[in-house]
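The values are calculated or read from the model by the stated rules, or taken from the named source; none is laboratory data. Bear in mind the structure is a predicted one, so any value in this text is a computation, not a measurement. Here Cβ is always computed from backbone atoms with ideal geometry, including for glycine, and neighbour counts include all displayed protein chains. Heavy atoms of the whole protein, side chains included, go into the accessibility calculation; ligands, DNA and RNA do not. Shrake-Rupley method; radii C 1.70, N 1.55, O 1.52, S 1.80 Å.
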Amino acid sequence: MEIRYILPKDNLYEISNVYEQSWKYAYKDIIPENYLNSIPSGTWADNINKNGAKNIVILEKDIIIGTLSFSKSRWEKYHDYGEIISIYFLPQYIGKGHGKVLLDMAIKELKSLGFTQILLWVLEENHRARNFYEKYGFIFCGEYKNDDIGGKVLKEMMYEYQINELIL
């Protein structure tokens with residue numbers, strides 16, 4: 001297993017495929033099926049390196065099996081926070097402990113950038129992800145936002161994490 005920042009040689013369509021497959025698996029019964037089935041190949045490829053986000057990948061046998069994106073918070077109200085923008089895996093690698101490894105690396109990187117608080121948004125109906133974040137130590141802060149995905153209004157919840165000084 002290898003964990004690293006994405007490199008110029010990495011195939012952004014391969015990384016986009018991780019997003020696509022993860023969405024179709026994780027958001028089944030949350031986001032309308034017709035929307036999920038209509039996601040074209042390469043949907044995220046052009047956006048992976050935009051907006052100052054840092055991207056890390058996890059590989060197994062030279063295959064990208066997961067990806068995580070993080071940055072300074074994109075929300076003015078939380079301008080002094082770091083943000084976990086996304087974390088996605090190929091479905092067959094979900095629930096195998098790789099998410100914690102990627103999150104550990106992102107938290108260490110955010111700490112090295114000077115952040116002590118981190119936020120992320122998660123769909124209210126995505127109980128698997130919410131359980132993962134809560135087990136890690138993220139706490140729902142009481143803030144919601146609505147998002148329209150595939151013609152369905154979905155509620156997103158904001159979670160916060162306080163970086164422990166013991167994290168090196």
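From the Cα gyration tensor of region 51-144, with a ≥ b ≥ c the square roots of its eigenvalues, which class applies: rounded if a/c is under 1.5, or else prolate if a/b is larger than b/c, or else oblate?
Oblate, because a/c is 1.5 or more while a/b does not exceed b/c.
Could you tell me whether region 97-144 comes out rounded, prolate or oblate from its Cα gyration tensor? Rule is a ≥ b ≥ c as square roots of the eigenvalues, rounded for a/c under 1.5, then prolate if a/b exceeds b/c, otherwise oblate.
oblate
Between Arg74 and Tyr136, what's the calculated FRET efficiency when r is the beta-carbon distance and R0 is 25 Å? Round to 0.05.
For R0 = 25 Å, the calculated efficiency reads 0.75.
Rounded to whole Å, give me the distance from the Cα center of region 70-86 to that of region 100-168.
Region 70-86 and region 100-168 have Cα centres spaced 10 Å from each other.
Order Phe115, Phe132, Phe70, most accessible first, counting only protein heavy atoms with a 1.4 angstrom probe.
The most accessible residue leads, giving Phe132, Phe115, Phe70.
Cross-link list Lys24/Lys145; Lys50/Lys111; Lys9/Lys77; Lys9/Lys61: which exceed 25 angstrom alpha carbon to alpha carbon?
Going by Cα-Cα distance, Lys9/Lys77 fall outside the 25 Å limit.
Using label points projected 7 Å from each Cα along Cα→Cβ, tell me how many nm separate Leu59 and Leu113, to one decimal.
2.3 nm
Over region 36-168, what relative contact order in percent results from Cα pairs under 8 Å that are six or more residues apart?
The normalised contact order for region 36-168 reaches 18 percent.
Go through 12-18, 90-96 and give me the packing order, highest mean Cβ count within 10 Å leading.
12-18, 90-96
Given the alpha-carbon gyration tensor of the chain, what are the semi-axes of its equivalent ellipsoid in whole angstrom, ordered largest first, with each equal to the square root of 5 times an eigenvalue?
Ellipsoid half-lengths, sorted descending, are 23, 21, 15 Å.
Carbon and sulfur together cover what percent of the accessible area of the chain at a 1.4 Å probe radius?
49 percent
Under 5 Å between amide hydrogens, which residues at least 5 positions from Ile64 or on another chain qualify, with H placed 1.01 Å from N in the peptide plane?
Excluding prolines and chain starts, which carry no amide H, there are no hits.
In whole angstrom, how far apart do the alpha carbon centroids of region 6-33 and region 41-58 sit?
10 Å
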